[in-house]
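Participant: My questions all concern the structure below.
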Amino acid sequence: MKKITIAIDGYSSTGKSTLAKQLAKELGYVYIDTGAMYRAVTFFAMQKGLITADYFDEQGLVNALDQIHLEFQYNGLRGFAEIHLNQKNVEEAIRTLEVSRLVSQIAQLSEVRKKLVEQQQGFGRSKGVVMDGRDIGTVVFPDAELKIFMTASPEIRAKRRFDELVAKGQAVTYDEVFQNVVERDRIDTTRKDSPLVKAADAIEFDNSSVDRETQFLQITALAYEVLNRQ
Ligand code: DC
């Protein structure tokens, strides 16, 4: 069967990555979490002291971009590819609220986007990928055969993210997670370069009151429909 490209975009904490992982497994496709790439660049900038809560040396980061090497390595135990920054597995280290607070500033920089988008396009060259992010259907793969755009209310998204962080043992409050969700929405949708916007040909799913299993079944059916038309 001919392979297709599946783009899953949408707001933070709408369950994009869970859905994308399941879909990739179902179809035997490669899953790429592009948010992890922006997070890994943020983690690098934090480690180098280029960004803090009240300071950002943009030019310093741009100058250091060629020192950043990102790779995905499949972890058979977890069933998906984990992100490595300069040969170090940072899959867990990038999932903190601290990284979430800074990542949207990093993702606004055109130089950062250019580097990551090029790498993402390389990953998808032979199709057979499910990629999730903010600009996959609009910028990275405007010709993707299937585009999904996911939304849910900010309260529900914050509650999901809060539960996830607490389950990982992180000391956070619901209010700070909610503030972060709203602030990231604001920056991600209003930035100049590749803002988060639904592609004209994307299919929108609001999962505020739909459980994950039902949504997975609906979207899988859609993917098979598109595949059968190829
Ligand atoms: O999917 P995530 O929440 O892990 O993404 C983290 C941030 O990275 C998000 O707030 C905006 C940015 N991002 C982006 O600008 N473009 C993408 N394709 C993916 C993520």
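Participant: Out of the residues in the stretch 1-27 meeting the condition of being within 23 Å of residue 84 (Cβ to Cβ) and of a type in the set (Gly, Ala, Ser), tell me which one is surrounded by the most Cβ atoms within 10 Å (Cβ to Cβ).
Facilitator: Per the stated criteria, the residue is 20.
Participant: Given the criteria aromatic (Phe, Trp, Tyr), free of Cβ contacts under 8 Å to residues at least 60 places away in the same chain and within 20 Å of residue 18 (Cβ to Cβ), does residue 216 qualify?
Facilitator: Considered against the rule, which asks whether it is aromatic (Phe, Trp, Tyr), free of Cβ contacts under 8 Å to residues at least 60 places away in the same chain and within 20 Å of residue 18 (Cβ to Cβ), residue 216 comes out as no.
Participant: Pull out all pairs, ordered by first then second residue, where Cβ-Cβ is under 7 Å, the residues are six or more apart or on different chains, the first lies in the stretch 111-127 and is touching a residue at least 12 places away in the same chain (Cβ under 8 Å), and the second is within 12 Å of the ligand (Cβ to nearest atom) and not in a helix (DSSP H, G or I).
Facilitator: Hits for this filter: 113/193; 113/194; 120/32; 120/131; 123/32; 124/131; 124/141.
Participant: Moving to a separate point now. Is it true that residue 120 is more than 19 Å from residue 179 (Cα to Cα), polar (S, T, N, Q) and surrounded by 16 or more Cβ atoms within 10 Å (Cβ to Cβ)?
Facilitator: Yes; evaluated as a whole, the condition is true for this residue.
Participant: Right, here's the next one. Working only within the stretch 48-87, note down all residues that are more than 18 Å from residue 119 (Cα to Cα) and loosely packed, with under 12 Cβ neighbours inside 10 Å.
Facilitator: 49, 53, 54, 55, 59, 76, 77, 78
Participant: All but one of (1) touching a Ser or Thr at 6+ places or on another chain (Cβ under 7 Å); (2) more than 15 Å from residue 16 (Cα to Cα); (3) of a type in the set (A, V, I, L, M, F, W, C); (4) at pLDDT 95 or above hold for residue 187; which doesn't?
Facilitator: Unmet for residue 187, out of (1) touching a Ser or Thr at 6+ places or on another chain (Cβ under 7 Å); (2) more than 15 Å from residue 16 (Cα to Cα); (3) of a type in the set (A, V, I, L, M, F, W, C); (4) at pLDDT 95 or above: (4).
Participant: Taking the criterion of being free of Cβ contacts under 8 Å to residues at least 12 places away in the same chain, within 13 Å of the ligand (Cβ to nearest atom) and either crowded, with 17+ Cβ neighbours inside 10 Å or over 14 Å from the mean Cα position of the chain (by Cα) (or both), would at least one residue in the stretch 169-187 satisfy it?
Facilitator: So the first thing to find is which residues in the stretch 169-187 are free of Cβ contacts under 8 Å to residues at least 12 places away in the same chain, and the list is 169, 171, 173, 175, 179, 186.
When the remaining residues are screened for being within 13 Å of the ligand (Cβ to nearest atom), the result is 186.
From the residues that got through so far, the ones that are either crowded, with 17+ Cβ neighbours inside 10 Å or over 14 Å from the mean Cα position of the chain (by Cα) (or both) too are 186.
Yes, the stretch 169-187 contains a residue that is free of Cβ contacts under 8 Å to residues at least 12 places away in the same chain, within 13 Å of the ligand (Cβ to nearest atom) and either crowded, with 17+ Cβ neighbours inside 10 Å or over 14 Å from the mean Cα position of the chain (by Cα) (or both).
Participant: Please state which one of 101, 125 is among the charged types (D, E, K, R) and within 12 Å of the ligand (Cβ to nearest atom). Give the steps one after another, and end with the answer.
Facilitator: On the way: 125 fails: within 12 Å of the ligand (Cβ to nearest atom).
Step by step, each of 101, 125 is checked, and only 101 is among the charged types (D, E, K, R) and within 12 Å of the ligand (Cβ to nearest atom).
The values are calculated or read from the model by the stated rules, or taken from the named source; none is laboratory data. If you're wondering where the values come from, they're calculated on a predicted model, not measured in any experiment. Every residue, glycine among them, receives a Cβ derived from its backbone with ideal geometry; neighbour counts consider all protein chains shown.
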